[in-house]
Structures are given as structure tokens and as C-alpha cells.
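The values are calculated or read from the model by the stated rules, or taken from the named source; none is laboratory data. Since the model is a prediction, treat every value here as computed from it, not as a measurement. Here the Cβ positions follow ideal geometry from the backbone for every residue, glycine too, while neighbour counts run over all protein chains shown.
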Amino acid sequence: MAQAPTTGMFQWLKYGTESAATSIDLHTGGNLSHDNQLRLRTGVGGNQSRRGGMNAHGGTATFYITPDTEALLAAGIRDAYPRGDLTELIIEGGADVWARLYTNAVISSFNIEFAREEGLAATVNWGALTAEAGTGSTVAALDDDIWEDYDIVIQGLAYAATEEYGVNGLTVNVDNQVSFHSNANTKTDSDRIRDPQFWLHGTEILTATLTCDEPVPQETVEIWKNDLDGNLQLALVGTNSTHIVEVTLSNLMLSTDDHGFVGAETLAGWQYNFVGDAQNGSLAFDIDTI
């Protein structure tokens with residue numbers, strides 16, 4: 001049966017390590033993408049060869065965080081620092097009778113975002129060694145509540161501190177610097193010789209942006225001292241009726257801060273940007289049942 005015209009009502013995305021069995025159950029955006037990385041070779045007289053390059057399989061998904069997405073985000077955090085492995089995934093998604101299946105997939109980058117008047121959300125980007133046609137399906141029912149902004153408390157910044165600054169936004173970005181490659185070894189599938197044969201990841205790049213209704217005390221951040229603190233931390237804890245989510249940032253160093261001038265009726269704010277520690281790691285993410 002061919003895929004008929006449809007809407008987001010019939011879309012879905014699932015993931016897992018052995019099979020794509022866990023549904024991203026409050027999925028709000030993203031795409032399933034492919035780039036043939038076409039190679040154009042042009043010579044004198046205007047002659048040109050057009051052939052495919054190495055297949056670039058991948059996609060992205062934006063969603064509200066639930067317990068069912070804990071393992072997806074955890075897959076983007078290496079298992080040791082600085083050189084630990086990333087968890088390989090199987091990811092499948094599409095519509096009711098059309099799908100694309102990604103195998104040997106890894107989370108190349110992701111973010112976690114808290115914002116005023118929003119739910120706790122995330123975006124993941126993945127690449128894969130192989131993609132193929134999948135099987136149509138449907139999204140699973142939502143079993144658990146998400147975390148709204150009023151469920152969440154954010155504290156920091158001094159080491160082990162519990163100060164609060166009227167935080168209205170926190171975004172954590174992680175880039176694993178994943179790259180995909182091929183070489184002149186014999187290909188395992190003669191029908192798919194343009195697929196990448198392996199992937200590598202580089203140093204983790206973690207950045208965080210904090211926006212507040214109140215300034216962080218000068219003695220906490222000390223932006224102009226000779227030796228900047230490299231052990232600043234932030235803790236986000238969200239509690240709903242069934243689960244607790246914790247996003248813990250440690251070993252942060254302040255990179256920039258900003259206080260903008262605004263109109264007389266506009267809430268003033270302070271923004272702070274931080275860089276994480278690639279050698280020892282700066283992010284821990286956990287969801288527990290109450």
C-alpha cells in the first residue's frame with residue numbers, strides 16, 4: 001500500500017539499541033534527511049561527470065522530555081571522559097505506512113532547554129552508517145506528564161551552591177563532533193558502496209546559556225579576575241506527579257555575560273554563557289520515579 005497524503009497526526013519516531021521500540025511520545029518537530037553529497041567533476045570544454053558522493057544519513061527530532069526519552073538523551077553523553085564511547089542506536093520513523101530505518105546511528109549533538117512558560121524540551125541530531133526503508137507505525141500513547149516551567153527549580157552557581165537568581169531560561173548544548181568516513185576496503189554490501197564504513201567522535205563541546213531576572217552576584221562569577229573559576233555548577237531539578245528529572249552541570253567556566261537595556265515596560269534580564277570541561281565532563285542527566 002502506497003503512502004497517501006497525510007498530516008502530523010500519523011507521524012511517529014522510535015529508537016532503541018536492539019530495535020526501534022521506544023516511542024518519542026511528545027514529539028514536536030525535526031526531520032528525516034538524506035544528502036547524496038553529489039560530486040561534480042568539470043573539465044575543459046564544459047564536460048562534466050555527476051556521481052553520488054558518500055551517503056549522509058541522519059535526522060533530527062525536537063520533543064518534550066519524558067521518561068521514555070531519558071535513554072535517547074543519555075546516548076548522546078559519552079560513557080567516560082574524555083574519550084569514552086557513544087551509544088549506538090537504531091532509529092526509525094515516518095508516517096503510517098512509510099518509514100525510514102537508521103542503523104549504527106549515534107547522537108552527533110543535542111540540547112536540553114528550559115524556558116519560561118514552556119515545558120522542558122530537547123533536540124537531538126543523529127547520523128548513521130546505514131539507512132533503508134522501514135515499516136509504517138504509529139506513535140505510542142503518552143503515559144507520563146512532562147515538566148512545565150513551574151515544576152522546575154534551578155540553583156547555582158558557586159560550587160555546591162543553592163543560590164537562586166530568578167532563572168527564566170537555561171539551554172545546554174552538546175556537540176560530540178561526530179564525523180563519518182569511508183576508505184578503500186572491500187565494502188560489505190556491493191549494492192551500498194556509497195555508505196560510510198565507520199564513524200569517529202572528537203572532543204565534546206558543551207556550552208550553556210543562563211538567563212536570569214536578577215544578576216548573579218559579582219563575587220560569584222568574578223568576571224575579570226586573573227584566574228577564572230572552572231568549577232561553577234548549575235542544578236536543574238523538576239518534580240511532577242510521578243518522576244523527578246535532574247540536569248546537573250559542573251566544572252563550568254564563564255565565557256561571556258550580558259545585560260541589555262530595554263524599554264520601561266519590559267522585564268530587564270541578565271545572560272551568562274559558560275563552557276564545559278571536555279576532559280572531565282560537565283553534564284549529568286537522570287530521571288527517577290518518585
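Listing for the model above:
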{"item": "Unique residue being of a type in the set (A, V, I, L, M, F, W, C) and part of a loop (DSSP other than H, G, I, E, B) when the list is 234, 228", "result": "228"}
{"item": "Meets criteria (under 16 Å from the mean Cα position of the chain (by Cα), assigned to a strand (DSSP E or B) and surrounded by fewer than 19 Cβ atoms within 10 Å (Cβ to Cβ)) for residue 103", "result": "no"}
{"item": "Matching residues, segment 208-227, being free of Cβ contacts under 8 Å to residues at least 60 places away in the same chain and either farther than 19 Å from residue 162 by Cβ or surrounded by 12 or more Cβ atoms within 10 Å (Cβ to Cβ) (or both)", "result": "213, 214, 215, 216, 217, 222, 223, 224, 225, 226, 227"}
{"item": "Only one of 28, 87, 62 that is polar (S, T, N, Q) and in a loop (DSSP other than H, G, I, E, B)", "result": "87"}
{"item": "Strands (runs of 3 or more DSSP E) lying entirely in segment 119-215 (those with 3 or more residues that are of a type in the set (D, E, K, R) and under 30 Å from residue 27 (Cβ atoms))", "result": "none"}
{"item": "Boolean, residue 23 is small (Gly, Ala, Ser), within 21 Å of residue 76 (Cβ to Cβ), touching an Asp or Glu at 6+ places or on another chain (Cβ under 7 Å) and surrounded by 11 or more Cβ atoms within 10 Å (Cβ to Cβ)", "result": "yes"}
{"item": "Residues of segment 37-49 that turn out to be in contact with a Lys or Arg (Cβ under 8 Å, 6 or more places away or on another chain) and either modelled with pLDDT under 95 or under 25 Å from residue 133 (Cα atoms) (or both), as a count", "result": "2"}
{"item": "Strands (runs of 3 or more DSSP E) completely within segment 242-290 that count 2 or more residues being among the small types (Gly, Ala, Ser) and in contact (Cβ under 8 Å) with a residue 12 or more places away in the chain", "result": "243-259"}
{"item": "Residue that is farthest from residue 171 (Cα to Cα), among those in segment 133-155 that are polar (S, T, N, Q) and exposed (fewer than 15 other Cβ atoms within 10 Å of the Cβ)", "result": "135"}
{"item": "Residue among 87, 60, 66 that alone is touching a residue at least 12 places away in the same chain (Cβ under 8 Å), surrounded by 15 or more Cβ atoms within 10 Å (Cβ to Cβ), touching a His at 6+ places or on another chain (Cβ under 9 Å) and polar (S, T, N, Q)", "result": "66"}
{"item": "Residues satisfying the stated conditions in segment 67-88, i.e. within 14 Å of the chain's Cα centre (by Cα) and within 11 Å of residue 286 (Cα to Cα)", "result": "69, 70, 71, 73, 74"}
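Here is a yes/no grid of residues against (1) part of a strand (DSSP E or B); (2) of a type in the set (Asp, Glu); (3) under 18 Å from residue 71 (Cβ atoms):
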| site | (1), (2), (3) |
| --- | --- |
| 2 | no, no, no |
| 9 | no, no, no |
| 15 | yes, no, yes |
| 41 | yes, no, no |
| 50 | yes, no, no |
